[in-house]
Amino acid sequence: MNEIGVMIVANGALDFESKFREAKEMGLESCQLSFWDPTAYTDEVAEKIREALAATGFKISLLWAGWSGPNAWNFTEGPETLGIVPEAYRAVRVEELKQAALFAKKIGVTDIATHAGFLPENPTDEKYEGVVSALREICAFYKENGINFLFETGQETPVTVLRTIKKIGLDNVFINFDTANLILYGKGNPVDALRVFGKYVRNTHIKDGVFPEGDGMLLGKETPVGEGLADIPTVLKMLKELGYEGAYTIEREITGEEQKRDIAKTAAFLRAQMEALG
């Protein structure tokens, strides 16, 4: 049965052992460890993580690698600030993502995910080849170091992700399938997306939400799992049919006790769904 995990947002000062124990006490088996500060990729932090893993028997299924500079999670500033698409930040972020690969090796993790940004939908867009070239450079470096690169879904249509994977042309390129982001960004729905790129899914964010409303200038809203439009039961059924054996990683982008309650409810929901599927 697929393990159930959780997203843990990290920094160099985090008490990793305490966080891992807390997750285990909730019945979770793994995590995606998310770093947004590339300066935290140090030997000291790596040692703390290794010690915490050894002490708890917990597992990191994936390193989620952020990057420096501005990041506006919207439709107006987002295309010019997110990922490696903006030329102004591309070179620095390419190097930061390479540093993430070296750090992942130190903590025994083989998979890294990130948001590449608002990939151009038009393959003849003059910006597209530059973005693909930068991604190919990253993925080639990852391949040399035994690391898989995973696109976090959401800011582009499923066919654009598929096209870009094919254009990169390497066999270590996969998808971190966020079940809500496609909806929040108005780019599609997770059920249909799996029909496009399902065979590339290597990890997940189990999340829910609704489409953008109003004037279409703001992202849709995240909701607790089961209260949005992601149709998680059908997603789980399709992933099972695709032979998916990776983690179901719960992401709930709020904080505090409500976040813990929602994560626990989602974990119970996932277990029930998986048992029903057999």
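Numbers at a glance
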item: Within the stretch 72-125, tally of residues that are part of a helix (DSSP H, G or I) and among the β-branched types (Val, Ile, Thr); result: 3
item: Filter result (surrounded by 18 or more Cβ atoms within 10 Å (Cβ to Cβ) and closer than 15 Å to Arg252 by Cβ) within the stretch 20-35; result: Ala23, Leu28, Cys31, Gln32, Ser34
item: Residue selected from the stretch 142-163 under the condition polar (S, T, N, Q) and closer than 20 Å to Val191 by Cα, by the criterion nearest to the chain's Cα centre (by Cα); result: Thr153
item: Single match in Ala54, Ala91, Ala72, Ala65 (criterion: under 18 Å from Ile8 (Cα atoms), surrounded by fewer than 17 Cβ atoms within 10 Å (Cβ to Cβ) and either without any contact (Cβ under 8 Å) to a residue 12 or more places away in the chain or touching a strand residue (DSSP E or B) at 6+ places or on another chain (Cβ under 8 Å) (or both)); result: Ala54
item: So Val131, is it at pLDDT 95 or above, touching a Leu at 6+ places or on another chain (Cβ under 8 Å) and in a loop (DSSP other than H, G, I, E, B); result: no
item: Criterion: surrounded by fewer than 19 Cβ atoms within 10 Å (Cβ to Cβ), touching a helix residue (DSSP H, G or I) at 6+ places or on another chain (Cβ under 6 Å), at negative phi and of a type in the set (D, E, K, R) - qualifying residue of Lys48, Lys105, Lys59; result: Lys48
item: Single residue of the stretch 36-45 satisfying the filter (in a helix (DSSP H, G or I) and not acidic (Asp, Glu)) that is surrounded by the fewest Cβ atoms within 10 Å (Cβ to Cβ); result: Thr39
item: Glu137 being touching a Phe, Trp or Tyr at 6+ places or on another chain (Cβ under 7 Å), of a type in the set (Asp, Glu) and touching a residue at least 12 places away in the same chain (Cβ under 8 Å); result: no
item: Lone unmet requirement of (1) exposed (fewer than 13 other Cβ atoms within 10 Å of the Cβ); (2) touching a strand residue (DSSP E or B) at 6+ places or on another chain (Cβ under 9 Å) for Met217; result: (2)
item: Count of the stretch 256-273 residues which are out of contact with any strand residue (DSSP E or B) (no Cβ under 8 Å at 6 or more places or on another chain) and either within 16 Å of Lys221 (Cβ to Cβ) or in a helix (DSSP H, G or I) (or both); result: 12
item: Pro86 out of contact with any helix residue (DSSP H, G or I) (no Cβ under 9 Å at 6 or more places or on another chain), over 30 Å from Arg261 (Cβ atoms) and not charged (D, E, K, R); result: no
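The values are calculated or read from the model by the stated rules, or taken from the named source; none is laboratory data. These numbers were taken from a predicted model, which means no experiment stands behind them. So basically every Cβ, Gly included, is an ideal-geometry build from the backbone, and we count neighbours across all protein chains shown.
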